[in-house]
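Below: the structure, in structure tokens.
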Amino acid sequence: MLIIGSDGAFEALPPAMQMLKQGGSALDAVEAAIRIVESQRENHSVGIGGWPNLLGEVELDASIMDGRTRAVGAVGALRGYPHPISVARRVMERLPHVFVVGQGASDFAAEMGFAREEGPTDVAAREWIERIQANVPPEKLPALLQRREMAPWVSLARDPQRVAGTIDVIAIDGQGNIASGVSTSGWAWKYPGRLGDSPIIGAGNYCDNRYGAAACTGFGELAIRGATAHTVVLLMRMGMPLLEACQQALVDLPRPPGAEDESFMNIVAVDRQGNHCGVTNVAAWNKYFYMTPEMDEAMVGHRVFVEERNG
Ligand code: GLY
């Protein structure tokens with residue numbers, strides 16, 4: 001048994017490990033751990049505390065994958081529900097689809113009986129107002145708020161202080177089954193409807209009992225272009241050791257002209273033997289967390305820094 005998570009997972013791993021020790025499934029542990037982080041209102045990159053989009057609306061993305069069956073569920077740009085990971089799991093279990101977005105995702109959450117909660121929090125709303133007031137001339141505000149002219153202000157979404165975040169959790173249960181989940185509020189001040197890698201299976205999340213699992217944090221646009229989580233698992237399938245597979249996936253990140261600044265990417269991954277690792281291309285983002293059944297609390301894992309870039 002093993003559970004690992006990206007930076008931010010420290011408090012979430014012990015209760016999830018307890019579930020695994022009591023015979024819970026990897027899927028249950030992943031969902032439970034991510035729900036804890038989604039509930040932390042002071043976390044501005046995940047859940048209802050997340051920074052809003054350009055219009056001041058919180059839009060949440062999440063995905064979950066069952067490595068035993070390779071069943072998946074995902075939601076994108078979900079508004080009004082604080083636990084996208086649970087809605088994603090319900091998509092996996094109740095619909096013939098794998099990915100539901102926008103109004104459809106909110107309708108489905110309502111239909112499944114999830115409790116509503118509107119973001120943004122007061123803190124996030126204040127920050128959004130300040131950011132808009134400081135950057136958007138008053139005469140341009142109506143066109144922004146009426147959704148007629150939003151693209152000129154999307155440069156605000158490159159706010160360097162607010163690209164980090166997202167929660168990844170991967171668990172291996174007592175049956176040897178692997179599950180992975182990812183949840184995020186995405187880039188602060190993003191263009192409404194923007195999806196990152198977190199809800200996109202193969203980009204921010206991938207899991208296969210036969211080889212292992214990988215999940216990403218950082219600029220989702222990069223991991224979408226690189227199909228990064230799937231690349232890690234595919235490289236393991238082709239015989240590459242876990243760490244090397246993660247390093248190779250980071251080296252391969254595609255950064256076309258105009259996207260040179262979208263450079264941050266981190267991966268956490270496990271192989272089917274229960275080895276785990278983290279890699280990053282930002283020296284300061286050097287930790288992830290892991291826990292095995294003997295541990296009382298989550299331990300810090302040190303991410304391997306990968307400097308090479310493919311451009
Ligand atoms: N990695 C999360 C996002 O880009 O939305």
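The values are calculated or read from the model by the stated rules, or taken from the named source; none is laboratory data. As the structure is a prediction and not an experimental result, all values here were calculated from the model. Virtual Cβ from ideal backbone geometry, glycine too; neighbours counted across all protein chains shown. Heavy atoms of the whole protein, side chains included, go into the accessibility calculation; ligands, DNA and RNA do not. Shrake-Rupley method; radii C 1.70, N 1.55, O 1.52, S 1.80 Å.
In this structure the amide hydrogen of ALA9, modeled in the peptide plane, comes within under 5 Å of no amide hydrogen from residues 5 or more places off or on another chain. To the nearest ten degrees, helix 84-94 and the longest principal axis of the Cα atoms of the chain are 60 degrees apart.
Taking loop as defined by DSSP and a crowding limit of 13 other beta carbons within 10 Å, which GluC sites (Glu not before Pro) in region 30-70 fit?
GLU42
A straight Cα-to-Cα reach below 14 Å connects LYS140 with the aspartates and glutamates GLU149, residues fewer than 8 places away in its own chain not being considered. Taking all protein chains together and rolling a 1.4 Å probe, GLU297 ends up with roughly 110 Å² accessible. Between ASP296, ASP61, ASP107, the residue with the greatest mean-square fluctuation in the GNM of the chain (Cα pairs under 10 Å linked by springs) is ASP296. Surface listing: PHE114, PHE305 arranged by accessible area from highest to lowest gives PHE305, PHE114, probe 1.4 Å.
Tell me the angle of helix 242-251 to the major Cα principal axis of the chain, expressed in degrees between 0 and 90 and rounded to the nearest ten. Rounded to the nearest ten degrees, it is 30.
With the Cα gyration tensor of region 236-285 giving a ≥ b ≥ c as the square roots of its eigenvalues, does the rule (a/c under 1.5 for rounded; else a/b larger than b/c for prolate; else oblate) give rounded, prolate or oblate? Could you put the intermediate results ahead of the total?
Details: a/c = 3.73, a/b = 1.83, b/c = 2.05.
Judged from the Cα gyration tensor, region 236-285 comes out oblate (a/c at least 1.5, b/c at or above a/b).
Excluding same-chain neighbours fewer than eight residues apart, no lysines are reachable from LYS21 by a Cα-Cα span under 24 Å.
The gain in end-to-end length when the GLU294 to ARG126 segment is fully stretched comes to 56.1 nm, 0.36 nm per residue minus the alpha carbon separation. Among ALA284, ALA157, ALA32, the residue with the largest mean-square fluctuation in a Gaussian network model of the chain, with springs joining Cα atoms closer than 10 Å, is ALA284.
Classify region 1-134 as rounded, prolate or oblate from the Cα gyration tensor: take a ≥ b ≥ c as the square roots of its eigenvalues, call it rounded if a/c is under 1.5, otherwise prolate when a/b beats b/c and oblate if not. Spell out each step's value before the answer.
Working: a/c = 2.48, a/b = 1.41, b/c = 1.76.
Oblate, since a/c reaches 1.5 and b/c is not below a/b.
Once you list every other residue whose beta carbon is under 12 Å from the beta carbon of ALA62, what net charge do they have if Lys and Arg are +1 and Asp and Glu are -1? Surrounding charge for ALA62 is -3. Going by a ≥ b ≥ c, the root eigenvalues of the Cα gyration tensor, does region 28-77 fall in the rounded group (a/c under 1.5), the prolate group (a/b larger than b/c) or the oblate group? Oblate is the answer for region 28-77, as a/c is 1.5 or above yet b/c matches or exceeds a/b. Between ALA283, TYR191, SER263, the Cα set farthest toward the positive side of the dipole of region 184-297 (charges on each charged residue's Cβ, about the Cα centre) is that of TYR191. Between GLY181, GLY274, GLY49, the Gaussian network model of the chain with springs among Cα atoms under 10 angstrom shows the greatest mean-square fluctuation at GLY274. Distance between the pseudo-spin-label points of VAL282 and GLU307 (7 Å out from Cα toward the beta carbon): 1.9 nm.
Can you tell me, using C-alpha contacts under 8 Å and at least 6 residues apart, the relative contact order of region 254-301 as a whole percent?
Values: 48 pairs, mean separation 11.8, N = 48.
About 25 percent, as a whole number.
The distance from the alpha carbon centre of region 99-115 to that of region 182-230 is 20 Å, rounded to a whole number. Roughly speaking, what is the centre-to-centre gap between region 253-284 and region 12-43 when only Cα atoms are used, to the nearest Å? A separation of 23 Å, based on Cα centres. The charge dipole of the chain, taken about its Cα centre with unit charges on the Cβ atoms of Lys, Arg (+1), Asp and Glu (-1) only, comes to about 520 debye. Our summary gives region 1-108 a relative contact order of 18 percent, counting only alpha carbon pairs under 8 angstrom and 6 or more residues apart. Around the Cα centre of region 71-194, unit charges on the Cβ atoms of Lys, Arg, Asp and Glu (plus for the first two, minus for the last two) sum to a dipole of about 300 debye. A simple spin-label model places the labels of GLN40 and MET112 2.3 nm from each other, with each point 7 Å out along Cα-to-Cβ.
Averaging sequence separations of C-alpha pairs under 8 Å and six or more residues apart, then dividing by the length of region 173-225, give the relative contact order as a whole percent. Each step should come with its number before you reach the end.
Working: 70 pairs, mean separation 19.4, N = 53.
The value is 37 percent.
Between GLN103 and LEU141, the simple label model (points 7 Å from Cα in the Cβ direction) yields a spacing of 2.7 nm. Taking all protein chains together and rolling a 1.4 Å probe, ASP261 ends up with roughly 110 Å² accessible.
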